[in-house]
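Working notes, beginning with the structure itself.
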Amino acid sequence: MDDAEVDSPADVTPAQANEVGQILAREFNGTTDLYRWDRINAFHDWLVRMDLAESNPFERWNEDKDETFGFTKSSEQSSRLKEGEQYAVSQEEIRAMEENVGRNRIRDQLITRLLWQTGLRRGEASGLLISDLEQEAREITIREAVAKNNKERVVAYQQSLDGLLREWLEHGYREEKAATAEHNRLFVGERGAPLSGDRINDIVIEAADRAGINRKIYADANAPVDEDGNRIPNRWLISAHNIRHGFGTYMVNETDAGLWEVSKAMGHSSVKITERIYVEDDPRAGLEHLHKYGPD
């Protein structure tokens with residue numbers, strides 16, 4: 001805004017928003033450009049909701065931002081995979097992680113399986129309240145205040161999660177940790193405080209490491225340096241986001257769920273995001289439906 005001599009975010013024009021997209025694509029790689037665009041776009045949506053701006057100048061470009069600006073599809077992490085490694089975790093890997101959680105076994109197994117069955121982001125899981133669960137229906141409400149895109153949604157989980165939930169909530173495990181806490185968060189830490197998204201991520205990383213399926217793959221901008229000034233790898237092959245990616249990959253490629261349904265379940269702001277991330281180019285895509293439903 002300084003370079004363009006814009007005094008207020010409310011004064012940004014669509015043309016300047018386009019320029020922001022061009023700069024992000026030019027300056028960043030991996031998924032950073034897309035992530036920054038999404039955050040800026042969400043900020044301007046907020047300005048409109050608060051009546052601080054008449055319109056969102058980024059909205060004109062948002063639907064086709066990938067094609068318009070050439071934002072990349074693959075992350076830095078996925079580019080560092082070795083032969084045979086997958087960015088999305090599998091159910092077999094989830095089971096191995098569940099068997100190798102730390103000493104808070106019930107809580108950490110519950111977290112791992114819940115992330116796998118719902119595709120929740122770690123921050124969304126961290127913000128869950130007990131009252132967000134409807135155990136009889138096996139549904140969880142992701143409140144607007146917790147959802148990354150500020151839109152409430154409801155997700156479902158499977159019967160195999162019932163036992164872990166009952167043990168955590170009804171057999172004293174959560175109550176013991178939260179005895180002195182004055183909050184209703186579903187997941188709590190050692191001293192009763194709400195479990196942070198970063199700690200949830202650590203739980204996943206450590207379980208995968210103990211299972212022998214994790215490794216550090218590269219150093220990001222926040223990595224520590226050794227005595228020679230070389231960055232020490234700090235990003236892991238498997239983290240909480242890989243579980244979310246595994247959920248999306250499974251739902252899109254292994255079930256009959258449509259892109260729209262998966263997009264809503266994952267809290268994406270657009271079906272285009274779901275398609276961009278989870279659908280591989282396939283020249284025979286849709287062929288089976290054409291054979292079955294094509295007009296005479």
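The values are calculated or read from the model by the stated rules, or taken from the named source; none is laboratory data. Keep in mind it's a predicted model, so treat the numbers as computed, not measured. Reconstructed Cβ throughout: ideal geometry from the backbone, glycine too, with neighbour counts over all protein chains shown. Side chains included, ligands, DNA and RNA excluded: accessible areas come from the protein's heavy atoms. Shrake-Rupley method; radii C 1.70, N 1.55, O 1.52, S 1.80 Å.
Mind checking which residues of the range 47-62 are part of a loop (DSSP other than H, G, I, E, B) and either surrounded by 18 or more Cβ atoms within 10 Å (Cβ to Cβ) or not polar (S, T, N, Q) (or both)?
Filtering the range 47-62 for residues part of a loop (DSSP other than H, G, I, E, B) gives 50-58.
Once the filter is applied, which keeps residues that are part of a loop (DSSP other than H, G, I, E, B) and either surrounded by 18 or more Cβ atoms within 10 Å (Cβ to Cβ) or not polar (S, T, N, Q) (or both), the range 47-62 yields 50, 51, 52, 53, 54, 56, 57, 58.
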Residue count, the range 131-143 (criterion: of a type outside the set (D, E, K, R) and either open to solvent by 50 Å² or more (accessible area, probe 1.4 Å) or in a loop (DSSP other than H, G, I, E, B) (or both)): 3
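Among the listed residues 154, 146, identify the single one that is in contact with a Leu (Cβ under 8 Å, 6 or more places away or on another chain), without any contact (Cβ under 8 Å) to a residue 24 or more places away in the chain and more than 24 Å from residue 100 (Cα to Cα). I'd like the intermediate steps shown before the answer.
On the way: 154 fails: in contact with a Leu (Cβ under 8 Å, 6 or more places away or on another chain).
None of the other options fit; the residue is 146.
Determine which member of the set 256, 220 is part of a loop (DSSP other than H, G, I, E, B), farther than 25 Å from residue 131 by Cα, of a type in the set (D, E, K, R) and open to solvent by 80 Å² or more (accessible area, probe 1.4 Å). Write out each step before concluding.
Working: 220 fails: open to solvent by 80 Å² or more (accessible area, probe 1.4 Å).
Only one candidate passes the filter, namely 256.
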Residues of the range 144-165 being surrounded by 15 or more Cβ atoms within 10 Å (Cβ to Cβ) and of a type in the set (Ser, Thr, Tyr), which ones? 157
Residue, surrounded by the fewest Cβ atoms within 10 Å (Cβ to Cβ), within the range 166-206, restricted to residues that are over 19 Å from residue 127 (Cβ atoms) and among the aliphatic types (A, V, I, L, M): 179
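Specify the residue that is nearest to residue 91 (Cα to Cα); the eligible residues are those in the range 246-289 that are of a type in the set (Asp, Glu) and at pLDDT 80 or above. I'd like the intermediate steps shown before the answer.
Looking only at the range 246-289, we keep the residues that are of a type in the set (Asp, Glu), and these are 254, 256, 261, 275, 280-282, 288.
After this cut, where a residue has to be at pLDDT 80 or above as well, the list is 254, 256, 261, 275.
Details: 254: 12, 256: 18, 261: 21, 275: 22 Å.
Among residues in the range 246-289 that are of a type in the set (Asp, Glu) and at pLDDT 80 or above, the one nearest to residue 91 (Cα to Cα) is 254.
Residues in the range 271-293: is at least one assigned to a loop (DSSP other than H, G, I, E, B), farther than 21 Å from residue 122 by Cα and touching a residue at least 24 places away in the same chain (Cβ under 8 Å)?
Of the range 271-293, the ones assigned to a loop (DSSP other than H, G, I, E, B) are 279-286.
From the residues that got through so far, the ones that are farther than 21 Å from residue 122 by Cα too are 279-286.
Filter once more, keeping what is touching a residue at least 24 places away in the same chain (Cβ under 8 Å): 279.
Checked the range 271-293: at least one residue is assigned to a loop (DSSP other than H, G, I, E, B), farther than 21 Å from residue 122 by Cα and touching a residue at least 24 places away in the same chain (Cβ under 8 Å).
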Count of the range 1-43 residues which are in contact with a helix residue (DSSP H, G or I) (Cβ under 9 Å, 6 or more places away or on another chain) and of a type in the set (Lys, Arg): 2
Could you grab the pairs with beta carbons closer than 8 Å, sequence gap of 6+ or different chains, first residue in the range 228-247 and touching a residue at least 60 places away in the same chain (Cβ under 8 Å) and of a type in the set (Lys, Arg), second one surrounded by 14 or more Cβ atoms within 10 Å (Cβ to Cβ) and not in a loop (DSSP other than H, G, I, E, B)? 235/76; 235/77; 235/216; 235/217; 235/218; 244/115; 244/266
Residue, farthest from residue 273 (Cα to Cα), within the range 7-46, restricted to residues that are open to solvent by less than 70 Å² (accessible area, probe 1.4 Å), at pLDDT 85 or above and assigned to a loop (DSSP other than H, G, I, E, B): 8
Can you pull out the residues in the range 238-271 that are of a type outside the set (S, T, N, Q) and in contact with an Asp or Glu (Cβ under 7 Å, 6 or more places away or on another chain)? 259
Looking for whichever is under 22 Å from residue 91 (Cα atoms) and aliphatic (A, V, I, L, M) here; the options are 169, 186, 164. Which one fits? 164
Restricting to the range 223-253, what's the tally of residues that are open to solvent by less than 60 Å² (accessible area, probe 1.4 Å) and either within 19 Å of residue 118 (Cβ to Cβ) or touching a Ser or Thr at 6+ places or on another chain (Cβ under 9 Å) (or both)? 13
